[in-house]
Structure formats: C-alpha cells, structure tokens
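Contents: one structure, followed by commentary.
The values are calculated or read from the model by the stated rules, or taken from the named source; none is laboratory data. Because the structure is predicted, anything quoted here is derived from the model rather than measured. Quick reminder, even Gly has a Cβ in these numbers, built from the backbone with ideal geometry, and neighbours come from all protein chains shown. Keep in mind that these areas ignore ligands, DNA and RNA; they rest on the heavy atoms of the full protein, side chains included. Shrake-Rupley method; radii C 1.70, N 1.55, O 1.52, S 1.80 Å.
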Amino acid sequence: MGQKVFRVWETLSRKTILEHGKFLKVENHVIELPNGTIIPDWAWIIIPDAAIVLPVTPEGKFLCFRQTKYAVQGTSLAPVGGMIEENEDPFDAAKRELSEEMGCEASNWINLGSYVLDPNRGIATMHLFLALDARQITSPDSDDLEDCLLYTSPSPRGRTRSRMPSSACKKKTNKTYIFFTLSQLQTRTIPSSA
C-alpha cells in the first residue's frame with residue numbers, strides 16, 4: 001500500500017481588506033481546493049510572530065505574570081513573551097523579552113517548537129521556549145501596557161502530579177496552558193541545578 005499523497009490548497013489571489021498599523025493585517029484570499037471548488041472569500045489574518053518564554057528558576061519554580069489583558073475578563077496568567085522584531089531570530093527575541101519583561105537571564109534553554117495559531121487562517125507563529133536556571137540580573141524594563149505582577153508557581157520537582165493552582169487567577173490564556181502542559185512533560189528531563 002502506497003503512502004497517502006496530501007493535496008494542498010492553492011491561493012489564486014489575495015487582496016488586503018484591512019491594514020491596521022504593524023499589528024494587524026486582514027486579507028481576502030480566493031482559494032481553490034484540490035477538488036476544484038473555488039472559495040472566493042477566505043479570510044487570512046496576519047499579526048507579527050511572537051517569542052514566548054516560560055522561565056524556571058534554579059529551584060525549579062516557574063515564573064510568569066498575573067495580569068490583565070484587554071480580551072480576557074479578570075486576570076490571567078501569562079508567560080513572558082512579545083512580538084518578534086523585523087529580521088530578529090526567535091531565540092534572540094526570547095532572550096530579549098526575558099530580559100526586558102523580567103530582568104532575567106537563563107543559562108539553559110529548551111526550544112519547545114513553533115506553532116501556527118490557526119493553521120487555516122494564518123494569524124501568527126508562536127515560538128515557545130523553556131528558560132532553565134533563570135536568574136534576575138537587572139530591573140525589568142518592560143513597555144507592556146497591562147498591569148502585571150510576577151507570579152511564582154510551586155516547584156513541580158519531586159511530585160508525581162503537579163498542576164497550576166486554581167486560585168492563581170480567574171482565567172488562563174491558551175499560551176499559559178500550552179506552557180504549563182509542555183513544561184510538565186519536560187519535568188522528567190529538567191536537570192537539577194543544585
């Protein structure tokens with residue numbers, strides 16, 4: 001039995017229908033499906049890619065922010081992160097964001113991969129990193145618009161099951177779930193720095 005050949009969709013044309021500064025662009029694509037069907041109004045959304053970092057202290061504690069976000073009612077937990085500058089490498093952006101937002105450096109990094117937020121609509125790619133042995137070396141110099149407070153999670157080391165406390169905030173963003181889930185998978189391989 002041969003391998004399945006996956007057919008791709010073809011973009012026949014694209015037109016910008018909204019350009020809102022450097023943070024948002026919306027296009028209308030005319031798409032042809034592999035069976036020949038034409039979709040004349042496929043929305044395509046473009047926002048800058050981002051580097052997202054979950055720092056872990058030498059004691060094995062996760063650092064993130066309890067903060068407000070415009071689209072989330074109440075507070076949320078979020079890892080360090082921000083948009084990647086033009087021509088900036090995602091890893092360099094991750095190190096920059098960690099330094100700017102928390103004043104930290106990390107000696108050991110794990111690239112957790114890159115993920116398109118919506119594979120059918122584009123949107124952006126999130127580049128996820130785990131920053132081990134993170135230490136504060138300077139004061140944060142963040143340009144974030146939101147009110148935020150540093151949140152330190154309990155250490156998962158030595159536990160058979162670890163979870164984010166439900167009292168941490170009303171809502172958690174998708175980024176936070178991704179990071180806490182991936183980091184839980186990593187806990188068996190995180191080297192102890194003691």
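Per-structure values
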| quantity | calculated |
| --- | --- |
| In the range 1-58, the residues that are more than 22 Å from the chain's Cα centre (by Cα), part of a loop (DSSP other than H, G, I, E, B) and of a type in the set (S, T, Y) | T37 |
| Verdict on G2 being under 25 Å from G122 (Cα atoms) and not aromatic (F, W, Y) | no |
| Subset of the range 51-68 that is farther than 17 Å from P140 by Cα and open to solvent by 10 Å² or more (accessible area, probe 1.4 Å) - its residue that is modelled with the lowest pLDDT | T68 |
| Candidate set: the range 90-120, residues that are open to solvent by 70 Å² or more (accessible area, probe 1.4 Å) and among the charged types (D, E, K, R); chosen: the one farthest from K22 (Cα to Cα) | E105 |
| Single unsatisfied condition, I31 versus (1) in contact (Cβ under 8 Å) with a residue 40 or more places away in the chain; (2) touching a Leu at 6+ places or on another chain (Cβ under 9 Å); (3) open to solvent by less than 30 Å² (accessible area, probe 1.4 Å) | (1) |
| Any hit, the range 75-89, residues being open to solvent by 40 Å² or more (accessible area, probe 1.4 Å), in contact with a Lys or Arg (Cβ under 7 Å, 6 or more places away or on another chain), part of a strand (DSSP E or B) and modelled with pLDDT under 95 | yes |
